[in-house]
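Chemist: For reference, the structure I am asking about is given below.
Derivation of every value follows stated rules applied to the coordinates shown; laboratory data play no part. Only a predicted model underlies this, so the values are computations on that prediction, with no experimental measurement involved. Cβ sites come from the backbone with ideal geometry, for glycine too, and all protein chains shown count toward neighbours.
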Amino acid sequence: MKTTNRNRGLWIALGMFVLLIVALDQLVKYLTVAHIPSGGAVAVLPGVLHLTYVRNTGAAFSILSGNRWLFVVIAVVFFVALGVMIKKRIVSKPAELWCLAAIAGGALGNVIDRVATGSVVDMFEVEFMEFAVFNVADIFVTCGVIGLIVFVLIFDRPKKAEEHEADK
């Protein structure tokens, strides 16, 4: 497989994006732990958003709490599957790769916490509705998944007319 300068540049940009996500996630978690007492809250936008320092041993909404290594194994399986999909060119379009990089960066940010402490630091809490407290990594995982779904379902669908022309 020959790598062009353009491809190399894309891979470097994707790697930097993943590292930026992890760095931002870890920085915000560090600042949360350093400046907000456990269970404490700081208003950011009153009535909309506040920072609340909580530790979560589960997934979103504390689902499967206490299953630290299950989440680590799931992340490892994700990274292995991602590597295989990239190697076999199952995913190769830039939009797909950017979405997967966002997911990978978020997953790595949370895996670091799980391995190091057994829980994930969450801090963003919306005040106007009942919702889980979440972190920077969760935002990137969610946006990456949504972006990938939108890309696959809307933008990556073969046009019916093109399919019919190819069949003739």
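Chemist: For LEU82, what charge total do you get from the other residues with a beta carbon under 14 Å from its beta carbon, if Lys and Arg give +1 and Asp and Glu give -1?
Modeler: +2
Chemist: What FRET efficiency would be calculated for the residue pair VAL150, ILE112, taking the C-beta separation as r and a Förster radius of 35 Å, to the nearest 0.05? Could the numbers behind the result be given before it?
Modeler: Values: r = 28 Å, r/R0 = 0.80.
Calculated value: 0.80.
Chemist: Who wins for biggest fluctuation among PHE134, PHE79, PHE124 in a Gaussian network model of the chain, springs between alpha carbons below 10 Å?
Modeler: PHE79
Chemist: Can you give the FRET efficiency to the nearest 0.05 for ASN67 and SER92, using r as the Cβ-Cβ distance and R₀ = 41 Å?
Modeler: For ASN67 and SER92, the calculated efficiency is 0.75.
Chemist: A further question on this structure: With each run of n ≥ 4 DSSP H residues scored as -39500 (n - 2.57), what mean residue ellipticity at 222 nm is computed for the chain after dividing by its residue count and rounding to the nearest 500 deg cm²/dmol?
Modeler: Numbers: 5 runs with 98 residues, N = 168.
-20000 deg cm²/dmol, from helical runs alone.
Chemist: A further question follows. On alpha-carbon atoms, Rg over Rh for segment 1-140 using Kirkwood Rh? Write down the numbers at each step before the final one.
Modeler: Values: Rg = 17.0 Å, Rh = 16.3 Å.
Taking Rh as the inverse mean 1/r over Cα pairs, Rg/Rh reads 1.04.
Chemist: Apply the Karplus parameterisation 6.51 cos²θ - 1.76 cosθ + 1.60, with θ equal to phi minus 60°, to every residue of segment 74-84 and state each ³J(HN,Hα) to the nearest whole Hz, in sequence, with x for glycine and proline.
Modeler: After applying 6.51 cos²θ - 1.76 cosθ + 1.60, I find 4, 5, 4, 4, 4, 5, 5, 4, 4, x, 5 Hz.
Chemist: If you don't mind, there's one more thing I want to ask. How much length would be gained if the chain were fully extended between ARG8 and VAL84, taking 0.36 nm per residue of separation minus their Cα-Cα distance, in nm to one decimal?
Modeler: Fully extending the segment from ARG8 to VAL84 adds 25.5 nm.
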